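This report refers to the structure that appears directly beneath it.
Bear in mind these aren't lab numbers, they're just calculated from the coordinates by the rules spelled out. Remember, predicted model here, so these are calculated numbers, not experimental data. Quick reminder, even Gly has a Cβ in these numbers, built from the backbone with ideal geometry, and neighbours come from all protein chains shown.
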Amino acid sequence: MNNDELRNWYLALTDSDKQIFLALVSNQLTIHGRAFSLDLSGPEQTRAFSGLNELQHQISGHIAAIGLRQDRYPDDVLWAILNEKAVWHGLPAHLKQSFDFARSRNVWVKSK
């Protein structure tokens, strides 16, 4: 599934399903962090961890805002922010893999 199809799929989810999806993405990003601690060093490792931290910040804040029913970025804007930050930090493949992983766990998605 390409990024546009995945984004459209995400945008069609209910808020509670978006929370689950984003939590799964966040969880999968931590797996990448474990690999970064083993496979990278120096500035490359710092950049990767900084990028993961920023992605985690955006995702966790959005999950909380959905649950608290507080103002949040529109979901399509969040999607763009996550992708832009991933590119900036050299992590687009890691984010895409995390999106794909979370999407593959579609057993929790309610029938529409």
### Query
Where in the chain are the DSSP H helices whose C-alpha atoms run 30 Å or more along the long axis and whose mean Kyte hydropathy is at least -0.5?
15-39, 42-68
### FRET efficiency estimate (nearest 0.05) - Cβ-Cβ, ALA12 to LEU40, R0 25 angstrom
0.10
### Query
Given [x] 12, 30, 19, 14, 12, 9, 5, 1; [y] 14, 49, 29, 8, 0; [z] 15, 51, 29, 5, 0, which label gives P(r) over Cα pairs in 10 Å bins from 0, in percent as computed from the coordinates?
[y]
### Euclidean distance between Cα centres, the stretch 47-80 to the stretch 20-38, Å
14 Å
### Summary
Farthest towards the positive end of the dipole of the chain, among HIS89, ALA35, ALA102 and with Cβ unit charges of +1 on Lys and Arg and -1 on Asp and Glu, lies the Cα of ALA102
